[in-house]
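K.L.:
Here you go, one structure.
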Amino acid sequence: MSDPTSITAVEAPGAGVPAPTGPVKTDKPRSLAGDAWNDLRKRPVFWISIVLVAVILLMAAWPTLFTSIDPRACTLANQHKGPSGSAYFGYDFQGCDVYAKTIYGAQNSIIVGALSTLLSGVIGLVFGLAAGYYGGWLDAVLSRGIDIMLGIPFLLGAIVLSSRLAADPNSDGVLAVTMTLGLLTWTSAARVMRSAVISSKNQDYVAAGRMLGATPARLMLRHILPNSIASFIVILTILLGTNIASEATLSFLGVGLKGDAISWGISISEASRYARVAPGPLVYPSLFLAATVLAFIMLGDAIRDAFDPKLR
Amino acid sequence: MFRYIVRRLLQMVLTFFGATFVVFALTFANQDDPLQALAGERPITESQRLALTERYHLDEPFLTQYWYYMKGLLTGDLGTSLTGQKIGDMLVNAWPVTMRLALIAIVLAVVISVTAGVYSAIRRGGAFDNITLFLTLVLLAMPIVVLAPMAQLLFGIQLGWFPPTATRDASLYALFLPALVLATLAIATELRVTRTSVVENLRADYVRTARAKGLTGRRVIWVHVLRNSLIPVVTLIGVDLGGLMSGAIVTEKIFNIPGVGFNIARAISTEDGPLVVGFVSILVIIFLVVNLVVDLLYAALDPRIRYE
Amino acid sequence: MTVTKAHIDVLPGADPRAPLLEVNDLHVEFRTQYGVAKAVNGANFRLAAGETLAILGESGCGKSVTAQAIMGILDSPPGFITKGQIKYRGVDLLGVAEEQRRKVRANQIAMIFQDALSALNPVYTVGFQLAELFRIHRGMSRKDAKKRAIELLDQVKIPAAKTRVDDYPHQFSGGMRQRVMIAMALALDPEVLIADEPTTALDVTVQAQIMGLLADLQKQRNMGLILITHDMGVVADVADRISVMYAGKVVEEAGVYDIYSRPAHPYTRALLESIPRLDMKGQQLNVIQGLPPALTSIPQGCAFNPRCRFAKDPCRQDPAPPAYAVAPQRTARCHFFREVLGE
């Protein structure tokens with residue numbers, strides 16, 4: 001009954017209202033995705049993150065586009081030399097080219113980040129759909145499982161699991177870290193899916209589909225998924241960013257990538273010991289890592305805002 | 001209230017056993033040679049092998065092993081590290097400085113995020129709001145492995161405002177920089193939740209009543225709106241503690257603070273399995289207990305739950 | 001309760017002999033991203049001490065916005081008062097500094113809201129929320145304030161006030177909660193009480209009790225009461241005069257008997273015809289055709305013309321009908337009020 005709210009209600013053109021001559025744009029039929037895209041297009045944050053992500057992907061796929069120097073060709077004689085025309089970022093403790101190493105570092109970050117996110121996406125999707133759709137004991141068991149997962153602070157679990165999986169001293173740790181991150185980070189994706197399924201399951205069109213004899217798989221694929229896919233994508237985009245950060249953290253601590261694998265986390269770990277004498281090798285990989293994580297999180301955030309304008 | 005507590009306690013018991021079991025299983029299950037896994041790449045002597053077998057009851061069935069592990073955890077007997085020190089003693093030594101660090105970090109995080117969150121909510125859409133929203137996004141994206149070394153480099157080494165390392169008996173001042181680094185992990189989410197929550201509450205009917213009562217704007221916000229808005233923020237503090245623990249491992253390693261995190265980081269690099277598992281298990285338990293306390297606090301803040 | 005109070009000097013210049021409350025040509029608009037919604041477009045009315053004025057209208061007609069404008073608690077932005085006067089004892093409140101204005105609230109003009117559950121703060125006891133008034137406005141100690149809070153709860157007939165003062169709003173029933181709201185509004189002995197749909201959220205039996213309580217308290221204290229409602233049944237029992245609002249304007253103002261027996265505006269008439277009556281059992285109920293206009297695009301001329309069966313050409317053209325004096329103390333904004341009356 002209070003008026004600010006009733007005004008918005010009144011504004012929705014309803015039957016019997018004299019045709020409004022006000023600035024109501026109704027030229028195109030609107031869809032949620034179309035609206036979101038229109039909104040997204042106008043956000044500078046969205047375009048900044050898209051450009052950043054594109055550059056990083058390019059770096060990961062074809063590092064030679066950015067540098068012709070072999071990041072593993074190191075000479076101790078160059079130790080901690082400053083930046084020069086041939087080595088833009090200077091040299092690190094072992095005399096490796098920091099610029100080349102930083103460029104090549106993108107590869108492992110993206111590989112681990114993308115694969116682990118894919119893994120948690122798949123686990124989250126399956127568990128979330130199953131728990132939401134079937135409910136009952138399956139839901140109870142999966143929900144308690146999620147509670148238990150959330151009872152272990154992420155990095156602590158990751159340390160234990162990753163050091164288990166990477167026990168083989170000859171591996172570079174890529175598989176181990178990917179598995180660790182994938183197995184530990186699916187909970188939020190599963191929760192989002194589960195609640196999306198539960199809320200859309202009770203909607204009339206889904207109930208109608210069920211009464212018409214649609215199989216659960218078809219219902220999920222054709223009706224439930226499309227309606228929850230937006231929030232799912234947002235979760236996974238942000239997760240991609242945080243997984244890249246987690247890979248760096250695990251590598252930094254020595255339970256992530258190892259051996260002669262190139263990783264921003266390892267670079268930061270090594271360089272932080274010599275930050276007093278040579279800050280460069282610490283600063284550059286840090287900047288690249290931060291920019292990469294930021295790009296994905298900004299992207300996810302922008303998409304979420306576009307789909308859910310009421311939060312602003 | 002009573003039913004709420006009982007339900008939470010039951011949930012906690014389940015989560016407690018589940019979580020410790022997961023940690024335990026991750027360490028020992030399906031291992032060709034669990035002892036080697038505990039010790040990593042370094043060779044273990046026959047006497048160590050015997051001691052570890054006995055310690056973890058590796059010659060007995062898996063569930064029995066878990067039983068002994070739990071018994072050890074609950075009675076404070078954490079065994080000995082591969083270097084032969086009692087893990088319990090190491091924990092007692094490392095504990096105080098980490099505790100102080102965490103407390104400073106939590107206080108900093110809450111004070112900063114609640115004040116900034118309230119102000120951005122009041123002036124939402126304004127310059128302050130947009131800047132803080134962007135800054136929280138950047139903070140959210142900043143991995144701790146970037147934040148900690150960069151803060152040390154900038155404020156500790158280059159500008160020299162704070163000591164770049166801290167000892168066991170570090171002063172408040174020496175702990176300030178690492179605590180701030182830890183706090184930033186929580187600030188971003190806490191600020192955003194405070195803001196959203198205040199924005200929602202500002203629209204609530206009771207705010208109109210409070211204004212109709214002729215209260216000052218300040219009282220309406222800081223007494224009426226804030227108390228309601230803090231309820232979701234409080235629950236976050238429990239969750240954030242997990243992030244804080246993770247962050248402490250990196251931060252203490254970078255700033256050389258000989259606390260719990262530092263010990264875990266060192267145990268990882270020296271591949272001291274028993275030490276890692278012991279410390280991690282204790283942290284998991286603390287995390288669960290704090291979350292239970294936070295839930296009870298939540299009930300105290302929200303009378304609608306208290307009288308359920 | 002005496003009418004001349006010590007605390008009247010909260011508002012300098014207030015003249016105890018001037019009319020209690022006068023609203024002249026009040027205009028309020030909401031500037032939203034979808035356009036400007038004209039919520040109130042020239043509301044006029046007067047209220048004397050001891051009088052009950054009902055403001056009647058459908059939701060969205062501007063009656064709640066008018067109330068909030070009088071209280072000075074309009075959300076701004078998006079709401080703006082663009083024109084008009086709100087005079088309390090001769091002082092135009094719109095020209096008063098905010099700090100003064102704040103003190104007028106609860107001290108001189110108080111308000112009760114529709115949904116007491118959401119209008120009370122869920123995390124504080126009702127005692128706290130009552131005592132707060134005495135602590136802020138009267139500087140009382142916690143103990144004294146609480147004592148006064150218990151007295152107030154007693155006055156609004158809440159049983160066991162002494163223990164209930166420590167309860168939270170959700171522990172009260174709907175009717176009891178509305179009593180708490182009333183106690184809160186009357187705490188500082190205001191001269192004007194605005195009740196915005198005070199009984200809409202309540203059961204019928206409880207409604208009657210609450211309206212009875214309000215009427216008693218009003219009589220005791222000789223307050224002016226503005227009763228905002230869409231319910232013609234509630235109005236008939238308690239109101240002295242009625243202002244009927246439509247699309248932000250007072251379209252008819254008259255004494256309660258005149259309105260019920262001989263409405264002068266087609267909208268009032270239509271409202272009366274839409275009340276179900278026992279003697280019309282079996283017949284079809286008259287409903288008003290169409291919907292109230294969107295406040296972003298109010299029709300030219302008389303805002304009611306698209307729904308009016310008396311409408312002729314002049315009604316569809318600006319200017320809108322002025323407030324014709326139908327009789328002494330009685331106005332209607334209809335060019336054809338004579339036809340409406342005569343029919």
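The values are calculated or read from the model by the stated rules, or taken from the named source; none is laboratory data. Quick caveat, the model's predicted, so the values are computed rather than measured. Positions of Cβ are backbone-derived with ideal geometry, glycine not excepted, and every protein chain shown enters the neighbour counts.
K.L.:
Looking at this structure, is C:K157 among the basic types (K, R) and modelled with pLDDT of 85 or more? Walk me through it before giving the result.
P.N.:
Details: among the basic types (K, R): yes; modelled with pLDDT of 85 or more: yes.
In short, yes.
K.L.:
Do any residues in the range A:279-292 that are facing chain B (nearest Cβ under 9 Å) and closer than 13 Å to B:L147 by Cα have Cβ atoms under 8 Å from those of residues that are in a helix (DSSP H, G or I) and of a type in the set (K, R), where the two are at least six apart or on different chains, and which pairs are they?
P.N.:
A:P285/A:K101
Residue-wise test of (1) among the aliphatic types (A, V, I, L, M); (2) out of contact with any helix residue (DSSP H, G or I) (no Cβ under 7 Å at 6 or more places or on another chain); (3) within 11 Å of chain B (Cβ to nearest Cβ); (4) over 30 Å from B:N263 (Cα atoms).
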residue	(1), (2), (3), (4)
A:S200	no, no, no, yes
A:Y205	no, no, no, yes
A:A208	yes, yes, no, yes
A:R218	no, yes, no, yes
A:S231	no, no, no, yes
A:L236	yes, no, no, yes
A:A245	yes, no, yes, no
A:A261	yes, no, no, no
A:S267	no, no, yes, no
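K.L.:
Okay, next question. What number goes with the only condition from (1) among the β-branched types (V, I, T); (2) over 26 Å from A:D35 (Cβ atoms); (3) within 10 Å of another protein chain (Cβ to nearest Cβ) that A:I297 does not pass?
P.N.:
In the conditions (1) among the β-branched types (V, I, T); (2) over 26 Å from A:D35 (Cβ atoms); (3) within 10 Å of another protein chain (Cβ to nearest Cβ), A:I297 misses (2) alone.
K.L.:
Of these, C:D166, C:D189, C:D154, which one is within 30 Å of C:L47 (Cα to Cα) and free of Cβ contacts under 8 Å to residues at least 60 places away in the same chain?
P.N.:
C:D154
K.L.:
State yes or no: is A:V234 of a type in the set (V, I, T), surrounded by 22 or more Cβ atoms within 10 Å (Cβ to Cβ) and part of a helix (DSSP H, G or I)?
P.N.:
no
K.L.:
Is there a residue in the range B:279-290 that is more than 7 Å from every other protein chain (Cβ to nearest Cβ), outside any helix (DSSP H, G or I) and at pLDDT 85 or above?
P.N.:
Narrowing the range B:279-290 to residues more than 7 Å from every other protein chain (Cβ to nearest Cβ): B:279, B:281-282, B:285-286, B:289-290.
From what is left, the residues that are outside any helix (DSSP H, G or I) are none.
Looking through the range B:279-290, none of the residues is more than 7 Å from every other protein chain (Cβ to nearest Cβ), outside any helix (DSSP H, G or I) and at pLDDT 85 or above.
To keep it simple, each residue is scored yes or no on (1) closer than 16 Å to B:A265 by Cβ; (2) at pLDDT 85 or above; (3) out of contact with any His (no Cβ under 8 Å at 6 or more places or on another chain).
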site: A:G256; (1), (2), (3): yes, no, yes
site: A:I262; (1), (2), (3): no, no, yes
site: A:A278; (1), (2), (3): no, no, no
site: A:L289; (1), (2), (3): no, yes, yes
site: A:M298; (1), (2), (3): no, yes, yes
site: A:A306; (1), (2), (3): no, no, yes
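K.L.:
Can you confirm whether C:I70 is part of a strand (DSSP E or B), more than 9 Å from chain B (Cβ to nearest Cβ), in contact with a strand residue (DSSP E or B) (Cβ under 9 Å, 6 or more places away or on another chain) and of a type in the set (V, I, T)?
P.N.:
On the way: part of a strand (DSSP E or B): no; more than 9 Å from chain B (Cβ to nearest Cβ): yes; in contact with a strand residue (DSSP E or B) (Cβ under 9 Å, 6 or more places away or on another chain): yes; of a type in the set (V, I, T): yes.
No.
K.L.:
May I pose another question? Of everything in the range C:11-28 that's modelled with pLDDT under 85 and not small (G, A, S), which residue is nearest to C:P292 (Cα to Cα)?
P.N.:
Our first condition is that a residue be modelled with pLDDT under 85; within the range C:11-28, this holds for C:11-19.
Those left that are additionally not small (G, A, S): C:11-12, C:15-17, C:19.
Working: C:L11: 39, C:P12: 41, C:D15: 40, C:P16: 40, C:R17: 39, C:P19: 33 Å.
It comes out as C:P19.
K.L.:
Right, another one. Only residues that are of a type in the set (A, V, I, L, M, F, W, C) and either loosely packed, with under 15 Cβ neighbours inside 10 Å or farther than 14 Å from B:F21 by Cβ (or both): list them for the range B:67-85, please. Working first, answer last.
P.N.:
Within the range B:67-85, the first condition is being of a type in the set (A, V, I, L, M, F, W, C), and the residues that meet it are B:67, B:70, B:73-74, B:78, B:82.
Matches in the range B:67-85: B:W67, B:L74, B:L78, B:L82.
A quick yes/no check of all residues on (1) closer than 19 Å to C:L133 by Cβ; (2) surrounded by fewer than 23 Cβ atoms within 10 Å (Cβ to Cβ); (3) more than 13 Å from every other protein chain (Cβ to nearest Cβ):
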site	(1), (2), (3)
C:V192	yes, yes, no
C:L202	no, yes, yes
C:T205	no, yes, yes
C:H230	no, yes, no
C:G233	no, yes, yes
C:D237	no, yes, yes
C:I242	no, no, yes
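K.L.:
Which condition number does B:A204 fail, the rest of (1) within 30 Å of C:S64 (Cα to Cα); (2) crowded, with 24+ Cβ neighbours inside 10 Å being met?
P.N.:
(2)
One line per residue, one yes/no per condition, for (1) out of contact with any strand residue (DSSP E or B) (no Cβ under 9 Å at 6 or more places or on another chain); (2) facing chain A (nearest Cβ under 8 Å); (3) under 15 Å from B:E190 (Cα atoms); (4) surrounded by fewer than 19 Cβ atoms within 10 Å (Cβ to Cβ):
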| residue | (1), (2), (3), (4) |
| --- | --- |
| B:I112 | yes, no, yes, yes |
| B:G117 | yes, no, yes, no |
| B:G126 | yes, no, no, yes |
| B:I131 | yes, no, no, yes |
| B:T136 | yes, no, yes, no |
| B:V146 | yes, yes, no, no |
| B:M150 | yes, yes, no, no |
| B:L154 | yes, no, no, yes |
| B:I157 | yes, yes, no, yes |
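K.L.:
Residues that are over 14 Å from C:L56 (Cα atoms): list the helices (runs of 4 or more DSSP H) wholly contained in the range C:196-269 that include at least 2 such residues. Break it down stepwise before answering.
P.N.:
Working: elements: C:204-221, C:232-238, C:256-261.
Helices (runs of 4 or more DSSP H) meeting the threshold: C:204-221, C:256-261.
K.L.:
Could you identify the single residue in C:T52, C:T66, C:T82 that is of a type in the set (V, I, T), within 25 Å of C:I298 (Cβ to Cβ) and under 14 Å from the mean Cα position of the chain (by Cα)? Working first, answer last.
P.N.:
Working: C:T52 fails: within 25 Å of C:I298 (Cβ to Cβ); C:T82 fails: under 14 Å from the mean Cα position of the chain (by Cα).
Just one listed residue meets the conditions, C:T66.
K.L.:
Would you check which residues across the range A:253-274 are surrounded by fewer than 24 Cβ atoms within 10 Å (Cβ to Cβ), out of contact with any Gly (no Cβ under 6 Å at 6 or more places or on another chain) and part of a loop (DSSP other than H, G, I, E, B) and list them?
P.N.:
The answer is A:G254, A:G259, A:D260, A:A261, A:R273, A:Y274.
K.L.:
May I ask you to verify whether C:I81 is closer than 21 Å to C:K38 by Cβ and more than 9 Å from every other protein chain (Cβ to nearest Cβ)? Spell out how you get there, then give the answer.
P.N.:
Details: closer than 21 Å to C:K38 by Cβ: yes; more than 9 Å from every other protein chain (Cβ to nearest Cβ): yes.
So C:I81 passes the test.
K.L.:
I've got another one for you. Just name the residue that is surrounded by the most Cβ atoms within 10 Å (Cβ to Cβ) out of those in the range C:116-172 that are more than 17 Å from B:L215 (Cβ to Cβ) and among the aromatic types (F, W, Y).
P.N.:
Residue satisfying both the conditions and the ranking: C:Y168.
K.L.:
Kindly indicate whether C:K87 is part of a loop (DSSP other than H, G, I, E, B), at pLDDT 85 or above and out of contact with any Gly (no Cβ under 9 Å at 6 or more places or on another chain).
P.N.:
Details: part of a loop (DSSP other than H, G, I, E, B): no; at pLDDT 85 or above: yes; out of contact with any Gly (no Cβ under 9 Å at 6 or more places or on another chain): yes.
For C:K87, the condition - part of a loop (DSSP other than H, G, I, E, B), at pLDDT 85 or above and out of contact with any Gly (no Cβ under 9 Å at 6 or more places or on another chain) - is not met.
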